[in-house]
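Participant: Below you'll find the structure I mean.
The values are calculated or read from the model by the stated rules, or taken from the named source; none is laboratory data. Owing to the predicted nature of the structure, the values given are computational and were not obtained by experimental measurement. For neighbour counting, all protein chains shown are included, and Cβ atoms are generated from backbone atoms with ideal geometry for every residue, glycine included.
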């Protein structure tokens, strides 16, 4: 009997939000939110992330139940690569940034039931690499930007 092609899995979202954040030290603010037409990858595992290191964000519903999770490269620059100017001893070092400051953008699915975004990271310093991540900021994505607060 011939195999019948199955329709692609329908994702529970059909758009995305471009969330722009600004940070200074460990203070993070959500400064803008924009709807964009884009399909993002499906969620990663919503549970079993305890004691993991790295950076990820999670969208949760009004009851606090996770509905989407995505791990990414940490967008907060708390150290920099410095290259030696000595051609006899070329080297690269990672040097801590005294006062990290910058802007980053996260693209998140526009999931109707999502009410908050939580940011998780290992401690934001060079010595923190490899340590377990924890939530360091949470924002209401249903309100106007700049209303979020650091946890």
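Participant: Could you tell me whether region 113-126 includes any residue that is touching a residue at least 40 places away in the same chain (Cβ under 8 Å), closer than 17 Å to residue 54 by Cα and more than 15 Å from the chain's Cα centre (by Cα)?
Facilitator: The answer is yes, given that some residue of region 113-126 is touching a residue at least 40 places away in the same chain (Cβ under 8 Å), closer than 17 Å to residue 54 by Cα and more than 15 Å from the chain's Cα centre (by Cα).
Participant: Does residue 123 satisfy being surrounded by 11 or more Cβ atoms within 10 Å (Cβ to Cβ) and in a loop (DSSP other than H, G, I, E, B)?
Facilitator: yes
Participant: Further question on the same structure: Has region 63-75 got any residue that is farther than 26 Å from residue 33 by Cα and without any contact (Cβ under 8 Å) to a residue 12 or more places away in the chain?
Facilitator: no
Participant: Residues that are more than 23 Å from residue 145 (Cβ to Cβ) and touching a helix residue (DSSP H, G or I) at 6+ places or on another chain (Cβ under 7 Å): does region 117-132 have at least one?
Facilitator: Scanning region 117-132, I find at least one residue that is more than 23 Å from residue 145 (Cβ to Cβ) and touching a helix residue (DSSP H, G or I) at 6+ places or on another chain (Cβ under 7 Å), so the answer is yes.
Participant: Taking the residues in region 12-40 that are more than 14 Å from residue 110 (Cβ to Cβ) and assigned to a loop (DSSP other than H, G, I, E, B) as candidates, determine which candidate is nearest to the chain's Cα centre (by Cα).
Facilitator: Restricting to residues being more than 14 Å from residue 110 (Cβ to Cβ) and assigned to a loop (DSSP other than H, G, I, E, B), the top hit is 26.
Participant: Can you tell me which residues in region 103-148 are out of contact with any strand residue (DSSP E or B) (no Cβ under 8 Å at 6 or more places or on another chain) and within 23 Å of residue 47 (Cβ to Cβ)?
Facilitator: 112, 123, 130, 131, 132
Participant: A further question on this structure: Of all residues in region 134-151 being assigned to a loop (DSSP other than H, G, I, E, B) and at pLDDT 90 or above, which is farthest from residue 75 (Cα to Cα)?
Facilitator: Here the answer is 142.
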